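Some notes on the structure that comes next.
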């Protein structure tokens, strides 16, 4: 009986001893997802800070409506540039070093914000933290997908988005008590921790094998899988799919490269046109516009919902699969944005016909006190965030980390991240203009239409990657 208990169990790549194979893998994943935690703090920072900077006494730092929209959205321009830079770094210097390097613009960005003497220093700090966020959003999913095995890759990949929303919630909660400079100090901590932890973690075996570093790849697998795994067997499987030669542009004519790229770009496009970043950047202001008295606490509630449902997605994604969650998510978001539009239609039937109000001026005296149906705004927006968190939040990032062939992973991931952040900038920056041109209810109904398109796209084009190795996914695109 004792000999039976000591016998290793079979894992996806060979014999694995229970409890030993994932411990250090989880540690490596934790070190990596400190980057998305920093990324979440960057996204959440603007929500509590914009209302404060709009009322600050210092005229050099006080934001008007247009400056506030730039403060919220300029981070996405930095992130778009970070996507391009990250696509280069991840293939040239590796996944591990890219993560360590991106902590530098995080720290310097917050230093610029903390020491800001004028609005341009605030913008500069936001661009730097956005640059780091763009690199993080590309490199971390790739790192986690390449160090994981299929049994836990979905869960660990979903933890990327879980840490993003945890960072957003952390910024909301801390913003209740901390002034904007001290909040920036707090937001700089996770990136420093990431630099420290990642220095002790291995590079991914796939990158090492692509660099013909077989012994280093074996050492990395021994760290990640424990001493009982079939390290040589996994290496042989990875090497069978590794093509060490560089990528030529003419190879993008190959369907095995351009098909996953088009799917990834479309996923990033559809994720942003749901309006999620506009909602999260301006969460407090939206609730003020909805006549909800304690708008800051409402934002915390929304952030908490997002964390809870992203955690649920991480726990069930390896059982349900990717496509099921995308279906459920898209349907929930379509219904909830339609309801939120209905709320504004009922509360603001004529307010927007005579002028071009922006997101910061809708709650004028003409709207009176808190509406008796403010609960509809809270419920519908909370439902929207829950729907996004369970599917269209984590799953697109997970899928793009899985579907690209190794030799095209850097440039393809960079293209997807660039698409995501350009769309995030356009949606966030033009949110005020949408409100003025389409009215608030028209804007949210437009988001609802895009959510319906998300479901249709998923049904016809998104492959199911549950339970498959990265090499099997690559082989699927080559066959088809």
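The values are calculated or read from the model by the stated rules, or taken from the named source; none is laboratory data. The structure displayed is predicted, hence computed values, not measured ones. Cβ: placed from backbone, ideal geometry, glycine included. Neighbour counts: every protein chain shown.
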Matching residues, the range 218-250, being modelled with pLDDT under 75 and touching a helix residue (DSSP H, G or I) at 6+ places or on another chain (Cβ under 6 Å)
241, 242, 243, 244, 247
Scan the range 95-148 residue by residue and report those that are outside any helix (DSSP H, G or I) and under 22 Å from residue 61 (Cβ atoms).
115, 116, 117, 118
Any idea how many residues of the range 392-423 are more than 13 Å from the chain's Cα centre (by Cα) and closer than 19 Å to residue 464 by Cβ?
4
Wholly within the range 387-480, which helices (runs of 4 or more DSSP H) include no fewer than the required count, namely at least 1 residues that are over 30 Å from residue 236 (Cα atoms) and touching a helix residue (DSSP H, G or I) at 6+ places or on another chain (Cβ under 9 Å)?
394-403, 409-429, 431-461
Given the residues 301, 265, which is the only one that is surrounded by fewer than 23 Cβ atoms within 10 Å (Cβ to Cβ), at pLDDT below 85, part of a helix (DSSP H, G or I) and out of contact with any strand residue (DSSP E or B) (no Cβ under 8 Å at 6 or more places or on another chain)?
301
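Yes or no, residue by residue, for (1) over 30 Å from residue 54 (Cα atoms); (2) modelled with pLDDT under 90; (3) surrounded by fewer than 20 Cβ atoms within 10 Å (Cβ to Cβ):
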{"position": "69", "(1), (2), (3)": "no, yes, no"}
{"position": "84", "(1), (2), (3)": "yes, yes, yes"}
{"position": "90", "(1), (2), (3)": "yes, yes, no"}
{"position": "111", "(1), (2), (3)": "no, no, yes"}
{"position": "129", "(1), (2), (3)": "no, no, no"}
{"position": "137", "(1), (2), (3)": "no, yes, no"}
If you check residue 188 against the conditions, is it surrounded by fewer than 23 Cβ atoms within 10 Å (Cβ to Cβ) and either modelled with pLDDT of 90 or more or closer than 25 Å to residue 414 by Cβ (or both)?
yes
Determine whether the range 3-18 contains at least one residue that is closer than 30 Å to residue 231 by Cα, out of contact with any helix residue (DSSP H, G or I) (no Cβ under 7 Å at 6 or more places or on another chain), surrounded by fewer than 21 Cβ atoms within 10 Å (Cβ to Cβ) and modelled with pLDDT of 85 or more.
no
What number of residues in the range 388-426 are buried (at least 24 other Cβ atoms within 10 Å of the Cβ) and either farther than 22 Å from residue 463 by Cβ or free of Cβ contacts under 8 Å to residues at least 40 places away in the same chain (or both)?
3
